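First up is the structure itself, then whatever we jot down about it.
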Amino acid sequence: MNDSQKSVSPEDSAKPIIEIREMHKWYGDFHVLSNINLQVQAQEKIVICGPSGSGKSTLIRCINRLEEHQRGHIIVNGTELCNDIKNIEKVRAEVGMVFQHFNLFPHLTIIENLTLGPIWVRKTPKKEAEEAAMMYLEKVQIAEQAKKFPGQLSGGQQQRVAIARSLCMNPQVMLFDEPTSALDPEMIKEVLDVMIGLAEEGMTMLVVTHEMGFAKSVADRVMFMDDGEIVEQNSPDVFFDNPQHERTKLFLSQIL
Amino acid sequence: MPESTAAKREQLKPPVSNVGIIGWLRTNLFSTWYNSLLTIAMLGILAWLVPPLFRWVFIDSLWNSSAEACRDIDGACWSVIPNNIRFIILGFFPEGQEWRPILAMILLLSLVIYSKERSRWKKSLAWLWLINLIIMGTLMYGGVLGMPVVETSQWSGLPLTFLLSFFGMIVAYPLGILLALGRRSEMPAIKTLCVVYIEMIRGVPLISLLFMSSIMFPLFLPEGVSIDKVLRALIAIILFTAAYIAEVVRGGLQAMPRGQYEAADSLGLPYKHTMRLVILPQALKIVIPPSVGVLLSVFKDTSLVVIIALYDVLKTTMVTLSNPKWAGYSSESYIFLALLYFVFCYAMSSYSRKLEKELHTGH
Ligand SMILES: Nc1ncnc2c1ncn2[C@@H]1O[C@H](COP(=O)(O)OP(=O)(O)OP(=O)(O)O)[C@@H](O)[C@H]1O
Ligand SMILES: [Mg+2]
């Protein structure tokens with residue numbers, strides 16, 4: 001694979017920020033993702049839903065190469081993901097990821113968690129990185145906890161720190177893998193509020209979630225996956241009120 | 001109203017017999033009939049053992065006398081230590097040059113104590129160590145500033161034990177970490193190499209490695225080339241320790257949740273930074289207790305170098321005892337030696353506990 005896709009053309013602004021073409025992935029013999037085609041424009045917000053085991057996590061993890069795909073193309077921000085580690089690191093630096101279980105670094109303080117990427121990947125001077133980090137902590141309303149360790153924070157606070165950690169890298173795209181599923185109900189809202197704020201600022205977002213309220217109010221597009229395929233994608237109005245496929249109808253009837 | 005609450009509180013005080021010395025005795029020593037029986041039996045044994053031991057150590061003993069005076073006593077002849085301390089500690093280091101190894105040891109110990117504080121773990125500390133290593137080496141070897149050369153064959157006693165154990169550990173630990181990372185590497189060549197190395201070394205006792213380093217290894221060297229004997233022993237100890245450290249560290253790496261790697265990866269952090277900044281600090285913290293176990297046993301196992309005719313502090317003690325004048329006082333000498341080892345081992349393990357506590361961040 002080479003960089004032939006990386007042609008810089010005048011209509012660059014219209015180029016999708018993520019482009020996935022005929023992508024397949026297997027775990028051994030198990031065909032987890034089959035024939036995925038997806039284009040995400042800058043500032044688009046996409047919610048991905050589907051039953052457990054349908055491959056939602058696998059799909060968004062392929063976008064920053066936490067999982068490797070075996071066929072097809074994934075092009076992020078003009079860089080094609082292949083075995084070249086330099087390309088992979090470049091894409092990862094541009095793509096923020098928020099995990100279900102936060103995955104903060106427990107041996108570092110909150111502020112150190114936030115500045116790690118900027119200092120060692122972006123080579124930002126420490127002082128500058130800390131100032132930026134404080135700004136993002138304020139944005140997720142947790143600045144007073146900067147000197148604490150992750151283990152001393154509640155789940156909701158940790159997830160907000162995790163979001164801030166990704167934002168510190170100034171990503172082009174944010175991926176969320178069930179960011180609220182590990183949280184107690186009273187903490188879900190504080191995390192969703194931060195995500196809504198981000199969406200309003202125009203961040204490009206791919207969100208795997210079961211929060212259908214969030215999907216209805218924020219998403220530009222809702223995507224339904226089943227059995228490793230994208231079954232249906234539509235604007236939230238159409239998706240929820242007038243689903244096209246039987247499988248989507250069944251799924252919606254179960255969760256709504 | 002407040003008064004009556006206070007009165008009620010008064011009544012709720014714990015029964016006297018549950019607190020204080022009596023309470024402690026009751027809950028810990030006399031809680032059941034067999035517990036009481038055990039306690040009484042133990043008291044009996046102590047009463048039978050302790051007084052004679054106490055007499056032997058403190059009352060009937062001599063602390064600083066000639067060997068002749070010791071013939072007439074029933075107690076311990078501690079005099080064997082002060083009379084031979086020069087040889088036990090410094091061995092064959094030339095007369096009149098004693099200040100050099102002593103100064104080197106003081107430097108080493110001060111440096112170790114200075115390095116205990118985590119706030120001092122900076123680059124400058126590494127430089128400090130490097131400079132001091134050169135100074136210590138110069139002190140021991142001499143050849144400059146009017147200090148006569150002392151060949152390493154004359155290095156013996158405690159300085160030799162320190163040299164073999166401290167530098168064995170300091171070099172072996174990073175080497176072990178690299179081996180552990182290598183063993184988990186995705187590159188098959190590196191992985192195989194590390195696995196073979198680790199398993200081979202772990203399949204061989206230290207004694208045979210020392211033998212190999214002192215007897216077999218020189219056979220492979222070209223004519224006229226010889227590598228210093230102490231250095232060869234040191235290398236054997238390093239290679240041996242590194243393999244064990246590698247397995248301990250690998251355990252720590254395996255205990256790291258996958259999410260930590262993924263979080264670091266998704267920031268775009270390259271492998272070396274991921275390891276250095278995210279994975280190793282956590283993994284090494286987990287393995288402090290087993291690492292210290294390995295290091296303690298290395299410290300003690302350095303005494304095995306006696307079999308290749310190096311005179312560490314155990315061997316110098318044995319030499320002292322081979323003098324007919326002092327031959328009968330091995331118990332005293334070995335007790336002294338045991339205390340010496342104990343002091344260092346205990347210091348190491350209590351430091352590791354302190355470190356563990358400091359590194360705990362509430363997760
Ligand atoms: N490392 C792996 N090896 C083999 N199979 C895997 C692996 N990871 C996931 N799978 C399988 O791939 C399928 C898709 O998994 P994935 O985690 O993407 O599902 P999901 O849609 O995110 O489900 P959930 O809603 O439960 O998170 C599942 O059937 C899962 O068992
Ligand atoms: Mg999932």
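Taking 1 over the mean of 1/r across every pair of different Cα atoms in the stretch A:184-256, what Kirkwood radius in Å do you get? Don't skip to the end; give the middle numbers.
Working: mean 1/r = 0.0754 Å⁻¹.
This gives a value of 13.3 Å.
Quick one: net charge around B:Lys191, please, counting Lys, Arg +1 and Asp, Glu -1 for every other residue with C-beta under 13 Å from its C-beta.
The answer is +1.
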| lysines with Cα under 19 Å of A:Lys56, excluding same-chain neighbours fewer than 8 positions away | A:Lys25, A:Lys45, A:Lys216, A:Lys249
| Backbone HN-Hα couplings from phi across the stretch B:226-236 [Karplus 6.51/-1.76/1.60, Hz, Gly and Pro as x] | 9, 10, 3, 5, 4, 4, 5, 4, 4, 5, 4
| task | Starting from 0 in steps of 5 Å, tell me what percent of the Cα-Cα pairs of the stretch B:192-288 lands in each bin. | result | 2, 12, 16, 15, 14, 12, 9, 8, 6, 4, 1, 0
| said: What number results when the radius of gyration of the stretch B:104-205, computed over Cα atoms, is divided by 2.2 N^0.38 Å? | reply: 1.41
| When we measure straight from the Cα of B:Lys357, which aspartates and glutamates land under 14 angstrom away, once same-chain ones fewer than 8 places off are left out? | B:Glu117
| field | Within a Gaussian network of chain B (alpha carbon springs, distance under 10 Å), most fluctuating of B:Leu130, B:Leu304, B:Leu179 | value | B:Leu130
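Sorting B:Glu223, A:Glu130 on the 10 Å Cβ count, fewest up front, what's the list? Can you show the working numbers first?
Working: B:Glu223 5, A:Glu130 18.
In increasing order of surrounding Cβ atoms, one gets B:Glu223, A:Glu130.
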| message | What is the distance in Å between the Cα centroid of the stretch B:305-346 and that of the stretch A:190-256? | response | 77 Å
| message | Could you compute the net charge surrounding A:Gln41? Neighbours are other residues with a C-beta less than 11 Å from the C-beta of A:Gln41; K and R count +1, D and E count -1. | response | 0
| message | Sorting check: for A:65-77, A:166-178, B:31-43, B:145-157, which peptide has the highest mean count of neighbouring beta carbons within 10 Å, and how do the rest follow? | response | A:166-178, A:65-77, B:145-157, B:31-43
| request: Any chance you could list the semi-axes, whole Å, largest first, of the equivalent ellipsoid that the Cα gyration tensor gives for chain B, using √(5λ)? | output: 42, 38, 21
| remark: Along the stretch B:67-75, Karplus-curve 3J(HN,Hα) (6.51, -1.76, 1.60; θ = phi - 60°) to the nearest Hz, with x for Gly and Pro, reads 5, 5, 4, 5, 4, 8, 10, 8, x
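Is there a simple number for the mean count of other chain Cβ atoms within 10 Å of the Cβ of residues in B:267-276, and what is it?
Values: counts 19, 15, 7, 5, 2, 1, 5, 2, 0, 1.
Neighbouring Cβ atoms belonging to other protein chains average 6 per residue here.
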| Exposure proxy check: A:Cys82, A:Cys49 ranked by fewest other beta carbons within 10 Å? | A:Cys82, A:Cys49
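For chain A, go through all pairs of different Cα atoms, get the mean of 1/r, take its inverse, and jot down that Kirkwood value in Å. Mind dumping the intermediate values first?
Numbers: mean 1/r = 0.0527 Å⁻¹.
Here the Kirkwood hydrodynamic radius works out to 19.0 Å.
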| query | Gaussian network model of chain B, Cα springs within a sub-10 Å range: biggest mean-square fluctuation belongs to which of B:Ser291, B:Ser333, B:Ser352? | reply | B:Ser352
| note | Here the cysteines of chain B without any disulfide-compatible Cβ partner under 4.7 Å are B:Cys194, B:Cys345
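Run through every distinct alpha carbon pair of the protein assembly as shown and return the Kirkwood hydrodynamic radius in angstroms, one decimal place. Could you put the intermediate results ahead of the total?
Values: mean 1/r = 0.0328 Å⁻¹.
Result for the protein assembly as shown stands at 30.5 Å.
Please rank B:Phe166, A:Phe240, A:Phe224, B:Phe220, fewest neighbouring Cβ atoms within 10 Å first, as an exposure proxy.
By the 10 Å Cβ count, ascending: B:Phe220, A:Phe240, B:Phe166, A:Phe224.
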| said: As a test of the definition: which semi-axes, in Å, follow for the stretch B:94-149 when you take the square root of five times each eigenvalue of its alpha carbon gyration tensor? Largest first, please. | reply: 26, 12, 5
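Just so you know, all these numbers are worked out from the coordinates, no wet-lab data involved. On a predicted model such as this, the values are computed, not experimentally measured, just so you know. Using ideal geometry, Cβ is built from the backbone for each residue, glycine included, and neighbour counts are taken over all protein chains shown.
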